[in-house]
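As structure tokens, the structure follows; a few thoughts come after it.
Throughout, read-outs are computed from the coordinates displayed, never taken from laboratory work. Because the structure is predicted, anything quoted here is derived from the model rather than measured. Reconstructed Cβ throughout: ideal geometry from the backbone, glycine too, with neighbour counts over all protein chains shown.
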Amino acid sequence: MSAPPPPEPAPEAAPAPKAPPRDEAPLRTKTAQLSREELVRALDSAGWVQAKAARLLGMTPRQIAYALQKFEIELRKI
């Protein structure tokens, strides 16, 4: 009777993947860098839906609402 083969060593845990470098500006500065024209263009593209415009610009709906106040833009009723 032969002895069972020795157990294989456990594979080493792979290092956690590093997050890709962020080329985007932090959210706080996105609102500061946004121009009035960019905001209006995004709102036009999104049918004046703030949430859609926020996704187009990589921002939050709250940031869009702040930018609307900042630039004194009234929402269009469609």
Q: Tell me the trypsin sites (Lys or Arg not before Pro) within the range 37-78 that lie in a loop according to DSSP and have at most 14 other beta-carbon atoms within 10 Å.
A: 76, 77
Q | 14 Å beta-carbon shell around residue 61, net charge (K/R +1, D/E -1) | A | +4
Q. Going by the alpha-carbon gyration tensor, a ≥ b ≥ c the square roots of its eigenvalues, is the range 33-78 rounded (a/c under 1.5) or, if a/c is not under 1.5, prolate (a/b greater than b/c) versus oblate?
A. rounded
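Just to confirm the filter: which GluC sites (Glu not before Pro) across the range 26-73 are DSSP coil and have at most 15 other Cβ within 10 angstrom of their Cβ?
72
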**Q.** Label point distance in nm, residue 38-residue 62, each placed 7 Å from Cα along Cα→Cβ
**A.** 2.1 nm
